[in-house]
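Please read the structure below before turning to the comments.
Every read-out reported here was derived from the displayed coordinates using simple, explicitly stated rules and does not represent laboratory data. Quantities reported herein were computed from a predicted structural model and do not represent experimental measurements. Positions of Cβ are generated from backbone atoms using ideal geometry, with glycine treated the same way; all protein chains shown enter the neighbour counts.
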Amino acid sequence: MNLENNLINAKTIIDHGISKSEYNRILKILKREPNLLELGIFSVMWSEHCSYKSTKKWLKTLPTNGEHVICGPGENAGIIDIGGNDAIVFKMESHNHPSFIEPYQGAATGVGGIMRDVFTMGARPIANLNSLRFGEPSNIKTKNLLQGVVKGIGDYGNCVGIPTVGGECSFHKSYNNNILVNAMCVGLVKKNKIFYSKAKGIGNPIIYVGSKTGRDGIHGATMASAEFDDTSIDQRPQVQVGDPFMEKLLLESCQELMKEDAIIAIQDMGAAGLTSSSFEMASKGNCGVKLFLNEVPCRESKMTPYEMMLSETQERMLMVIKPDKKKITFDIFKKWGLEAIEIGHLTDTGKMQMYFNNRLVGELPIKPLADSAPEYDRPRKKKAFKTIKVKKRNLQIENVFLEMISSPNHSSKEWLFRQYDNMVMCDTIFSSEESDAAIVRIHKTKKAVAITCDCNPIFCYTDPKLGAKLAVAESWRNLIASGAKPLAVTDNLNFGNPEKKDVMYQIKKAIEGIKVACTKLSFPVVSGNVSLYNETKGKSILPTPVIGGVGLIEDLKFVTGINMKMDDSIFIIGYTKGHLGLSVYNQICGYKYGKPPSIDFDNEIKNGNFVYNAIREVGISGCHDVSEGGIIMSLAELCIKNKLGIQISIPDEIKKENWLFGEDSSRYIIITNNEKKLLKYAKKMNVFVKNIGKVKGSSFKIINEFEISLKDLITYNKQWFKNYIDIEK
Amino acid sequence: MNKEVSIIHFPGSNCDRDLAVAIKYCLKLKPKFLWHNESHIKDPGIIFIPGGFSFGDYLRAGILATKSPAIKEVIRHAKKGVPIIGICNGFQILTECKLLEGALIKNSSQLFSCKKVFLRIENKKNYFTKNIKKGVVQYPIAHSQGKFYVDDYNLKKLQDNDQIMFKYSSKTGDISDKYNPNGSVQNIAGIVNKKKNVLGLMPHPERAIDSFSGRDGIVFFNGLNELI
């Protein structure tokens, strides 16, 4: 073989993030030195982002099967059965590093990437959600990042015409120099029209369609696999630029082509671009590939094979099609103003052979490269926590409450949500401000899916295993409260540098927690993403394993919102011990130590089943789970949403603060006027239920404590974002 | 007469399906989809131009769509008196191709805004609105370039000629800045041309046809029944 021999040296190897042992592995596979192009390909394929080398060992232990699972992890997205010929395709993915460097484009391309993962499988996206973490509001960068990210998410989803129906957004100083932008997309597909990425058929053409390849995003996957430092801002050219119009054209043209019997395999060019898409398709089908790189449409002149293979230009798809369907394929893309180009074909060599200017410029064995990607069992050690004796601030209940509802994390996120079109496609029943989970109707049916994403990083920091369990349970509970049967999850694991023992400990423990919770709740993990090296100058983010849950509501008459009606009774479901460790109450009082609340899955399931059945059999006005901020926060959210007053009595047997602000798991608030039926049913199911008050008047009243008018309550809740954004920089 | 409703869609349109669903549901007929490069449109019935981001809203919302062959046909039919309705991006296209007065510019907030708004119907003499019994309806808006602008001279012409159709208002029909979601001149949300056969509005009646999203859109579409 006469390969173009761009010389590589020790520095080149280090610059590509390849360790010494990894380089030796490359030599073993190739039985020779790689050239620069080949080294580049190894570096992206074996990057943390593409190979999951630090987490694979632990991810394998997650439960991925269940009666509803059609496709688990390993494909572009997970797929679950929702009855009839319908299936739901979904996944969550991070775009943390790019969003910190260039918030608008970073967030926009994150949304674009996850939508392509979903529609690549034949699905039409029906909902987008996102989970966002920013640094302290007082940090000089935070406001700009917040504005850029929200606009980026909105502009992209709005333009493509997929509703952004919900998500979460919070602030904590650990994200000051490393924000998190996790985007989730849910799509709908007919079960007999699912497309996979497994290539087959020697000689079949490989078609490239979409944006022209530019020099943007080269080494993006490698960037996502390294820590940040002061020079990170110089990586801005590595951030890709999004073109939502091109995405819309790709979506519509692919949907049209998918109706023809033309596509054998399809894959979007996401992280590591042409490299990972071609390798993954070929590797799954045990094929070889010949690529003619002169055919790759380029945006810039004089692009090298190295740049073409490693570019992460957005909005590009690669597909293997049936040779006799070339004409119809080209015609459909032409109708949408897109140029499809044959850039290569499948072979039986098992090798990736790349040609440029009629010369072989790189040749790599496909299977060994994919299969022998490194897998590490990195050392772990629990971080020792020092508990410093601090005195809790002694605050009035009313003052803590007002501080809470007007704090950045718990004030109304209306400013964000307004910027997202949450109604396009006309199947959004509730966005996530209106129900514990966003609810989207399955078009032309009476079925709906409920979708939520959750995580409490404060819990995860102190006890990653318990914290992860609580995140899964909260997702499950949110689905139940919206009237859904929880079906499956996607996870997005955001952590610091896995080469640090304490971070690796967090990762392993969090995965263990997800495993336990998902097993107990029969809530399999069908897709996911890992984002590591979320650190700047050695400081890691809080461990943030975000859980995206999906559930099914079999009939629209059971959809449940955070609703109430005048004169309804208010019930709390589940026993309140009053756990204040790591609660919002304690944080406000200046006490940041303690343990997260415990969770008993038998009790969780019992209470959950009760609520699920009460929605169907008792008849209720609304339901809301009890989580951050405790009962008082959930009640305030009910009042604000419905613009109705309530009167609440605190039970005698417990300390007021503990009852109002405690964050014990497995609890819900149910609003109903069928008191007797609910109590009778609770007795039968042996579930703890307590009537705590009534929907009444036009103020928020805790009897014998305080009263605040609805108008003031709403003002307190809405002012923070408005003030924060309006103040001149 | 042949019952006909046509939807012209462009690359980047994204409310075309929603509009078709609303038309099917309210008018009990299947709309005909016309691709933007259609250079001869025969017997279109009512023409709808849907919302979305035609050609990505690049350059300026609606402008690139005016270069499509189908728009020449829309202009030809408009002159003949064919009823034409542009919603959201459709309204932007109709102002860009000069079938309607004024321009739709960036919202005062500079941000995209998606929410339900109340609209007072200003003119019920027109065939687009005369069958709507309510004085105030509630439709969603979802746009970032929806601020209606027109100079004083042309505003007066719009007023004098009864061309203003919808204004952003309170639930009870009060008009003030408080109820103006985007900074539009005089809270204007929708207008017709001088001949009163071309209607443009920023809010989306097609998004208000079921019990979850509100049902005020139904009267809008039902009202068109006698035009087809």
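Taking 1.002 mPa s as the viscosity and 20 °C as the temperature, the Stokes-Einstein diffusion coefficient of segment A:607-684 based on its alpha-carbon Kirkwood radius rounds to 158 µm²/s.
Over chain B, dividing the summed -39,500 (n - 2.57) contributions of all DSSP H runs of at least 4 residues by the number of residues returns a 222 nm mean residue ellipticity of -6000 deg cm²/dmol. Here the convex hull built on the C-alpha positions of the protein assembly as shown has a volume of 166 cubic angstrom per residue. Cross-link pairs exceeding 24 Å between alpha carbons, from the set A:LYS11/A:LYS501; A:LYS656/A:LYS722; A:LYS20/A:LYS500; A:LYS56/A:LYS381; B:LYS124/B:LYS167: A:LYS11/A:LYS501; A:LYS656/A:LYS722. A crude spin-label estimate for the pair A:GLU339 and A:GLU403, with each label 7 Å from Cα along the Cβ direction, gives 6.2 nm. For a modelled paramagnetic label at A:ASN357, 7 Å from Cα along Cα-to-Cβ, the residues of segment A:300-317 in reach, with backbone nitrogen under 12 Å, are A:302-305.
Of the residues B:VAL219, B:VAL198, the one with the fewest other Cβ atoms within 10 Å heads the list, and the complete ranking is B:VAL219, B:VAL198.
Counting beta carbons within 10 Å around each of A:HIS68, B:HIS204, A:HIS624, B:HIS40 and listing the fewest first gives the order B:HIS40, A:HIS68, A:HIS624, B:HIS204.
Shape analysis of segment A:135-214 based on the Cα gyration tensor places the equivalent ellipsoid semi-axes at 37, 17, 14 Å, largest first. Under the simplified labelling scheme, the A:ASN609-B:TYR127 pair shows an inter-label distance of 6.3 nm, with each label point 7 Å from Cα along Cα→Cβ. Summarised as an ellipsoid, segment B:89-152 has semi-axes of 22, 17, 10 Å, derived from the eigenvalues of the Cα gyration tensor scaled by 5 and square-rooted, with the largest first.
Only Cα pairs under 8 Å and 6+ residues apart enter the sum, and on that basis the relative contact order of chain B stands at 21 percent. Peptides A:147-158, A:258-269 ranked from most to least packed give A:147-158, A:258-269, packing being the mean of other C-beta atoms within 10 angstrom over each peptide's residues. In the frame of its principal axes, segment A:415-556 has Cα extents of 51, 36, 21 Å, reported largest first.
For the protein assembly as shown, DSSP calls about 75 percent of its internal beta bridges antiparallel. When the label point is put 7 Å from the Cα of A:GLU707 along its Cα-to-beta-carbon vector, which residues of segment A:602-644 have a backbone N closer than 16 Å? Label zone hits: A:644.
Neighbour counting of Cβ atoms within 10 Å sorts the residues A:TYR355, B:TYR25, fewest neighbours leading, into B:TYR25, A:TYR355. With a cut-off of 12 Å between beta carbons, the residues surrounding B:GLY223 carry a summed charge of +2, where Lys and Arg count +1 and Asp and Glu -1. DSSP beta bridges confined to segment B:5-227 are antiparallel in about 60 percent of cases. Grouping the Cα pair distances of segment B:5-227 into 10 Å bins from zero gives a pair-distance distribution of 9, 38, 40, 13, 0 percent in increasing distance order. Once both labels are positioned 7 Å from their Cα atoms along Cα-to-Cβ, the gap between A:LYS190 and B:ASP162 label points is 5.0 nm. Counting only C-alpha contacts under 8 Å and six or more residues apart, can you give the relative contact order of chain A as a whole percent? Relative contact order for chain A comes out at 15 percent.
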